[in-house]
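See below for the structure under consideration.
The values are calculated or read from the model by the stated rules, or taken from the named source; none is laboratory data. Being a predicted model, the structure only gives us computed values, none of them experimental. Glycine gets a Cβ as well: all are built from the backbone with ideal geometry, and neighbour counts include every protein chain shown. SASA here: full protein model, heavy atoms, side chains in, ligands and nucleic acids out. Shrake-Rupley method; radii C 1.70, N 1.55, O 1.52, S 1.80 Å.
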Amino acid sequence: DVYKRQVIACGEVRTCLLQTSGALSRDGSARLLRLRPDERVRVSERPNPYAVSPDLLTGVDCALPTASGRQVRGVGTVAARAVLTGGRVLQATALFRADDVG
């Protein structure tokens, strides 16, 4: 039944201010966020300078904790990316989602 599906979403966000005397340029932002050589960094100038890295995908295979103590194995992919706003504020995120758990 579609209404009884259980979904778990988990992620982490890290934020920092770049230790530079000025904001990074468009090209500097693209070089910083080029996590994968096969994909471009998306850059926008309006309404504020903004750059987003391509997703970095990592396969995982690990035990997941449960309230019942039952052994549950999680196999899948974690997606991570970085975003630079205004040439100064850097945020890195990683997340996963598990459908039909329980």
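Can you tell which of SER25, SER53 is out of contact with any Asp or Glu (no Cβ under 7 Å at 6 or more places or on another chain), hydroxyl-bearing (Ser, Thr, Tyr) and over 21 Å from GLY11 (Cβ atoms)?
On the way: SER53 fails: over 21 Å from GLY11 (Cβ atoms).
Answer to the selection: SER25.
Answer with yes or no whether GLY28 is surrounded by 10 or more Cβ atoms within 10 Å (Cβ to Cβ), in a helix (DSSP H, G or I) and on the phi < 0 side of the Ramachandran plot. Lay out the reasoning, then the answer.
Values: surrounded by 10 or more Cβ atoms within 10 Å (Cβ to Cβ): yes; in a helix (DSSP H, G or I): yes; on the phi < 0 side of the Ramachandran plot: yes.
Spelling it out, GLY28 is indeed surrounded by 10 or more Cβ atoms within 10 Å (Cβ to Cβ), in a helix (DSSP H, G or I) and on the phi < 0 side of the Ramachandran plot.
For the stretch 76-102, which residues satisfy the criterion of being under 18 Å from the mean Cα position of the chain (by Cα) and of a type in the set (Val, Ile, Thr)?
THR77, VAL78, VAL83, THR85, VAL89, THR93 - these are the residues of the stretch 76-102 that are under 18 Å from the mean Cα position of the chain (by Cα) and of a type in the set (Val, Ile, Thr).
Across the stretch 62-95, which residue is most open to solvent (accessible area, probe 1.4 Å) among those that are closer than 24 Å to LEU33 by Cβ and assigned to a loop (DSSP other than H, G, I, E, B)? It would help to see each step written out before you state the result.
Within the stretch 62-95, the first condition is being closer than 24 Å to LEU33 by Cβ, and the residues that meet it are 77-95.
If we keep only those that are assigned to a loop (DSSP other than H, G, I, E, B) too, we end up with 86-88.
Values: GLY86: 29, GLY87: 3, ARG88: 100 Å².
It comes out as ARG88.
What number goes with the only condition from (1) part of a strand (DSSP E or B); (2) polar (S, T, N, Q); (3) under 21 Å from GLY22 (Cα atoms); (4) modelled with pLDDT under 95 that ASN48 does not pass?
(1)
Do we have any residue at all in the stretch 11-19 that's at pLDDT below 95, hydroxyl-bearing (Ser, Thr, Tyr) and at negative phi?
Checked the stretch 11-19: no residue is at pLDDT below 95, hydroxyl-bearing (Ser, Thr, Tyr) and at negative phi.
So, of the residues in the stretch 7-62 that are in contact (Cβ under 8 Å) with a residue 60 or more places away in the chain and more than 18 Å from the chain's Cα centre (by Cα), which turns out to be farthest from VAL78 (Cα to Cα)? Explain how you work it out, then say what you get.
So in the stretch 7-62, the residues in contact (Cβ under 8 Å) with a residue 60 or more places away in the chain come out as 7-18, 20, 22-25.
Within this subset, residues satisfying the condition of being more than 18 Å from the chain's Cα centre (by Cα) are 7, 18, 20, 22-25.
Values: VAL7: 15, LEU18: 25, THR20: 30, GLY22: 33, ALA23: 30, LEU24: 28, SER25: 29 Å.
So the residue we want is GLY22.
For (1) surrounded by 15 or more Cβ atoms within 10 Å (Cβ to Cβ); (2) touching a strand residue (DSSP E or B) at 6+ places or on another chain (Cβ under 6 Å); (3) not aliphatic (A, V, I, L, M), each residue gets a yes or a no:
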site: LEU24; (1), (2), (3): yes, no, no
site: ARG40; (1), (2), (3): no, no, yes
site: VAL43; (1), (2), (3): yes, yes, no
site: ASN48; (1), (2), (3): no, no, yes
